[in-house]
1. Could you tell me which numbered condition residue 194 fails, if it satisfies all but one of (1) more than 16 Å from ligand 1 (Cβ to nearest atom); (2) under 18 Å from the mean Cα position of the chain (by Cα)?
2. If you check residue 36 against the conditions, is it assigned to a strand (DSSP E or B), more than 16 Å from ligand 1 (Cβ to nearest atom) and not assigned by TED's automatic domain parsing to the domain that holds residue 227?
3. Anything in segment 201-216 that is in a helix (DSSP H, G or I), free of Cβ contacts under 8 Å to residues at least 40 places away in the same chain and crowded, with 16+ Cβ neighbours inside 10 Å? List them, or say none.
4. In segment 225-253, how many are more than 15 Å from ligand 2 (Cβ to nearest atom) and free of Cβ contacts under 8 Å to residues at least 60 places away in the same chain?
5. Counting only residues that are within 16 Å of ligand 2 (Cβ to nearest atom) and in contact with a helix residue (DSSP H, G or I) (Cβ under 6 Å, 6 or more places away or on another chain), which one in segment 103-124 is nearest to residue 232 (Cα to Cα)?
Ligand code: IPM
Ligand code: MN
């Protein structure tokens, strides 16, 4: 009998509510006969916060932790001050659930128009550190609101935190084209950059088949548009990874095709899968959002649970759908149905 997995579902805000049900349907259909899913819905995000002031109550976080994985739609609303939901919900989950690998694949699908004139073959994955760096919230402000205000944001980099994500990147490279590019700014951030480089060099010795190189973050933004085919696995810290994955999403035709995983690779806590796009309040509730990225995040969830064949079914269905119908204007539900029909 197929094992049942418990999935926490946080549709969140805006189009998150419209695309997430399609991720659930894709998950079920692709894994038919090999795994079953039991969903627990969580009402978290802007609407909840505006209604009763809660962001992530402890009791609900404990229930989320008791699941095998998490599907997240999107979080964000222009009515709420920047930082409240980001820090209180999304980043709190990433940190508390120790999701130290933020995995973000970028692939240019046949049928999608890249903004680049000569994109070439684009197929790389960014391994972004997820629990350290400038995202830790270390810092503070004094004399706030006065002309003498001081504000600090400190980047935390631990050898432990860096090594575990470096190891993940090299292991992943072994399953791909066996090349890792470390991206940092070691000519200026000499303390953290030097530590990242030394850890990469040391771990690389255990992977003689994997080649590795280094690029500064500024040069990386150039290569992402001038020669994106040069990349296989990009390994970087939390903030650099945030920035280049938006650029990466753009070069493969928009974040509508980009999924991501916040992975706890030691499986101590559930991992979380989400489309890279936001809640898109401008088109929310209009059945216009593309559910493809959410459906691809379901494929990443399946891979994480070890159902590679089921994940491949989703990838194949998405690829065929985009190639044939990618340029047509369809509703959210139509794209969902079209992809489901191919799984
Ligand atoms: C992302 C987002 C988040 C991040 C924000 C919303 C906190 O931009 O997932 O890339 O910076 O990580
Ligand atoms: Mn981002």
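1. (2)
2. Against the criterion (assigned to a strand (DSSP E or B), more than 16 Å from ligand 1 (Cβ to nearest atom) and not assigned by TED's automatic domain parsing to the domain that holds residue 227), residue 36 qualifies.
3. The one that is in a helix (DSSP H, G or I), free of Cβ contacts under 8 Å to residues at least 40 places away in the same chain and crowded, with 16+ Cβ neighbours inside 10 Å: 204.
4. 2
5. 106
Yes or no, residue by residue, for (1) assigned by TED's automatic domain parsing to the domain that holds residue 224; (2) over 21 Å from residue 223 (Cα atoms); (3) in a helix (DSSP H, G or I):
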site: 72; (1), (2), (3): no, yes, no
site: 77; (1), (2), (3): no, yes, no
site: 80; (1), (2), (3): no, yes, no
site: 91; (1), (2), (3): no, yes, yes
site: 137; (1), (2), (3): yes, yes, no
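The values are calculated or read from the model by the stated rules, or taken from the named source; none is laboratory data. Predicted, not measured: the structure shown is a model, and the values here were computed from it. For neighbour counting, all protein chains shown are included, and Cβ atoms are generated from backbone atoms with ideal geometry for every residue, glycine included.
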